[in-house]
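Notes to accompany the following structure.
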Amino acid sequence: MTALRITLLYGSYREGRQGIKAVKHLQKALEAQGAIVTFVDAMAYDFPILKKRYIDYDDGTAPQAMEEIHNLLQHKTDAVVIVSGEYNGTMQPGLMNLMDHFYTEFFHKPVGLVTYSMGALGGARVSMHLLTTLCVFGMSPIPTIFGIGTIQNKLDEDGKSLDESLTKKSKKFVKELKWYGNAFKAAHEKESP
């Protein structure tokens, strides 16, 4: 079987964003298991507030950045990882805006959730919101949610774990995501949903 292609989505625009540490950690952990990981940073793309989704453009007229993400999600993604902090009990607005520009590109893909917070709960409230939202996008969340509480104390600036319990949780998450990703990939190769 060919390498699993995973797209990692992140949506924080805040100064001193802590979640980028989780992104780096996950990217290294997934690549160490042979996955091809593409990181999509909502802040780098900085789409305007949604006025028109990719699907609403005539062929060949969507902005280049939207075309790029459409092609990535539609043709080069076997599984998705969402990394989101908790903003007032819900997901980051930059992440939601990025995702809202697309829709069918997410259909029938497994998704792993990585949530975090500066407090002890590790983004537990945002995970419930994400589960509902991702199902609307036609995605299938894997059972394990990788929550990182007090992220500022758990990962260094390069994403290296400073806590053995976090390393164990990370390995479990990656193993489960790979299983679901490979299962969905095999199913897609047999027939289109």
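The values are calculated or read from the model by the stated rules, or taken from the named source; none is laboratory data. Fair warning: this is a prediction, and the values are worked out from it, not measured in the lab. So basically every Cβ, Gly included, is an ideal-geometry build from the backbone, and we count neighbours across all protein chains shown. These area figures cover heavy atoms from the full protein model, side chains too; ligands, DNA and RNA do not enter into them. Shrake-Rupley method; radii C 1.70, N 1.55, O 1.52, S 1.80 Å.
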Tell me which residues come under 5 Å, amide H to amide H, from residue 155 once H is placed; ignore anything under 5 positions away on its chain. 162
Placed amide H near residue 36: partners under 5 Å, 5+ positions off or other chain: 4, 5, 6
Phi angles of the range 78-86, converted by Karplus (6.51 cos²θ - 1.76 cosθ + 1.60, θ = phi - 60°) into ³J(HN,Hα) in whole Hz with x for Gly and Pro, give 9, 8, 10, 10, 9, 10, 9, x, 9
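Rolling a 1.4 Å sphere over the protein heavy atoms, what is the accessible area per residue of the chain, to the nearest Å²?
Computed with neighbouring chains in place, this is 50 Å² per residue.
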Cβ-based charge dipole, the chain, positive-most Cα from 165, 63, 94: 165
Low-density loop positions, trypsin sites (Lys or Arg not before Pro), the range 138-193 - DSSP coil, at most 13 other Cβ in 10 Å: 160
Leaving ligands, DNA and RNA out of it, work out the accessible area of residue 180 with a 1.4 Å probe and give it in Å² to the nearest 10. 60
Pick out the long, greasy-scoring helices in the chain: whole DSSP H runs spanning 18 Å or more along their own axis by Cα, mean Kyte-Doolittle at least 0.5. 124-136
I'd like the distance separating the alpha-carbon centroids of the range 124-182 and the range 61-104, in whole Å. 17
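Quantify, in whole percent, the carbon and sulfur part of the accessible surface of the chain (1.4 Å probe; protein heavy atoms only). The partial results should precede the final answer.
Values: 5230 of 9710 Å².
That fraction is 54 percent.
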Nearest-20 debye value, the chain charge dipole, Cβ charges on Lys, Arg, Asp, Glu: 700
I'd like to compare 24-30, 6-12: which one has the highest average count of other Cβ atoms within 10 Å, and what's the full order after that? 6-12, 24-30
